[in-house]
Each structure stands twice: as structure tokens, then as C-alpha cells.
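J.: Here's a structure for you.
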Amino acid sequence: MSDHLTVSLGIATIVPLPNQDYGTLVALADAALYKAKAAGRNCTMSMTDATPDTP
């Protein structure tokens, strides 16, 4: 068993609007998490609803 922990974190923000589907927020957070995982260990990535989808 390892005695250390690594964390990949995806953070997303959106501007709340009336009758908004929060699935968009979850999808952005999920995309940010996968970008963090692809970038390596101990990494954070953030996205907003205005973040362009760039590789």
C-alpha cells in the first residue's frame, strides 16, 4: 500500500440562469477532470461556460 495520495481535480463555473439545466455544469466539470487527468498527477483544471474547447 502506498503512503501518498495524488489528486486530479476538475472545477467548473457557470452563470446561473432561470430554468437552467445544471447538466451543463456537470459536463464542464467532467471535461475539466479528464483534462486534469490527461495532464498528469496532482493537477487541477478549471472551465467556465465561456471556456473555448481547445486541446
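J.: Can you tell me which residues in segment 2-25 are without any contact (Cβ under 8 Å) to a residue 12 or more places away in the chain and either of a type in the set (A, V, I, L, M) or in contact with a strand residue (DSSP E or B) (Cβ under 9 Å, 6 or more places away or on another chain) (or both)?
T.: 5, 17
Listed here are the residues, each with its yes/no results for (1) in contact with a helix residue (DSSP H, G or I) (Cβ under 6 Å, 6 or more places away or on another chain); (2) at pLDDT 85 or above.
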{"site": "14", "(1), (2)": "yes, yes"}
{"site": "26", "(1), (2)": "no, yes"}
{"site": "29", "(1), (2)": "no, yes"}
{"site": "47", "(1), (2)": "yes, yes"}
{"site": "52", "(1), (2)": "no, no"}
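The values are calculated or read from the model by the stated rules, or taken from the named source; none is laboratory data. This structure is a prediction, so every number in the text was calculated from the model and none was measured. Because the Cβ atoms are built from the backbone with ideal geometry, glycine has one as well, and the counts that use them run over all protein chains shown.
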